[in-house]
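Below: one structure, written as C-alpha cells.
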Amino acid sequence: MKNLREFIIPFVGLKQGKHQFEFDVENAFFEAFEFQDFNESNVKVVADLDKKSTLLEFSFEAKGTVNVNCDLTNEPFDLPIEGNLGLVVKFGEEFNDENEEILIIPHGEHQVDVSQYIYEMIVLSVPSKRIHPGVENGTLESDILEKLEELQPKEEKKEAEEIDPRWNTLKKLLTDK
C-alpha cells in the first residue's frame, strides 16, 4: 500500500478541544488500497477531532458520489453515498486495532493514520446491490434489459386450468370454518 500522507493527522501540537480536518477522496486513494470496484470517485470526508487529555475522539462524515457499474445492466452511473464513523484513540503500551471503534497507539506516538478507517467507511456505505436509477424508474434503454425481458419466463395459463379436482375439495375445507 502506498503512503497516504495527507491522511495522517499530527495531534501533538494541537490544543485540547475540537479540531476539523477535510479530505478529498478520489481514485488514487482507492488505488493505494488496490480497490477497483469504483470507476471514479468524488467523496468529501470531514473529520472532527475532539482532543482530550487522555484520548482522542474522531467523528468522520463522508458525502459524495462514486461511479459504479449497475449489477443488472453493467451500465456505469454515479451513486450518491453518505457514511459516518466514530473512532476513539487511546494510548497504551503497544499498537492495537482489533476493536473497530477503539484504536490503541503507543504512548510516544505523535500522529495517527486515519486512511484505513476512511477507506472502510466509504466502501461499507456503498449498497451491496447497485441498480442504475434508470432501471428502477424505467427510463434506461439498454440492450441487456431488452434481452432480460425477452428471456423472462412466461406464465402459462394451462397450469391453472388443469388443477386436480381433489385439491379443490381440500381447499373447501380451509374456507368452511
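Just so you know, all these numbers are worked out from the coordinates, no wet-lab data involved. Predicted model, so just to flag it, every value in this text is computed and none were measured. Note: ideal-geometry Cβ built from the backbone for every residue, glycine included; neighbour counts use all protein chains shown.
May I ask for the percentage of alpha-carbon pairs in the range 1-139 that lie more than 22 Å from each other?
Above the 22 Å cut-off, the range 1-139 has 44 percent of its Cα pairs.
How much length would be gained if the chain were fully extended between E109 and A32, taking 0.36 nm per residue of separation minus their Cα-Cα distance, in nm to one decimal?
Gain on extension, E109 to A32, equals 25.4 nm.
Please report the relative contact order for the range 5-149, taking Cα pairs under 8 Å with a sequence separation of at least 6, and give it as a percent rounded to a whole number.
Value for the range 5-149: 21 percent.
Looking at the chain, what % of its DSSP beta bridges pair antiparallel, to the nearest 5?
Percentage antiparallel, nearest 5: 90.
Please report, in debye to the nearest 20, how large the charge dipole of the range 5-149 is about its Cα centre when each Lys and Arg carries +1 at its beta carbon and each Asp and Glu carries -1 there.
700 debye
Please sort by residue number the GluC sites (Glu not before Pro) in the range 67-104 whose DSSP state is loop and whose Cβ has at most 13 other Cβ atoms within 10 Å.
In loop regions of the range 67-104 (DSSP not H, G, I, E or B), the sparsely surrounded GluC sites (Glu not before Pro) are E93, E94, E98, E100, E101.
Could you put T73, T54 in order, starting from the residue whose Cβ has the fewest other Cβ atoms within 10 Å?
T54, T73
What is the spin-label model distance, in nm, from I8 to I163 if the labels are put 7 Å beyond Cα along the C-beta direction?
It is 7.2 nm.
Per 0.36 nm of contour for each residue apart, how much would the distance between V123 and E93 grow if the chain were fully extended, relative to their Cα-Cα spacing?
This chain segment gains 7.7 nm when fully extended.
What ranking do H132, H107, H19 get, fewest neighbouring Cβ atoms within 10 angstrom at the top?
Result, fewest neighbours first: H107, H19, H132.
Pick out, in residue order, every one of the trypsin sites (Lys or Arg not before Pro) in the range 13-76 that is DSSP loop and has at most 15 other C-beta atoms within 10 Å; say none if there are none.
K15, K52
With each run of n ≥ 4 DSSP H residues scored as -39500 (n - 2.57), what mean residue ellipticity at 222 nm is computed for the chain after dividing by its residue count and rounding to the nearest 500 deg cm²/dmol?
Result for the chain, helices only: -7000 deg cm²/dmol.
So, counting K/R as plus one and D/E as minus one, what does the shell of residues with Cβ under 15 Å around H19 add up to?
Computed value for this residue: -1.
Please name which of F38, T54, T65 has its Cα lying farthest along the dipole of the range 1-82 towards the positive end, using unit charges on Cβ (Lys, Arg +1; Asp, Glu -1) and the Cα centre as origin.
T54
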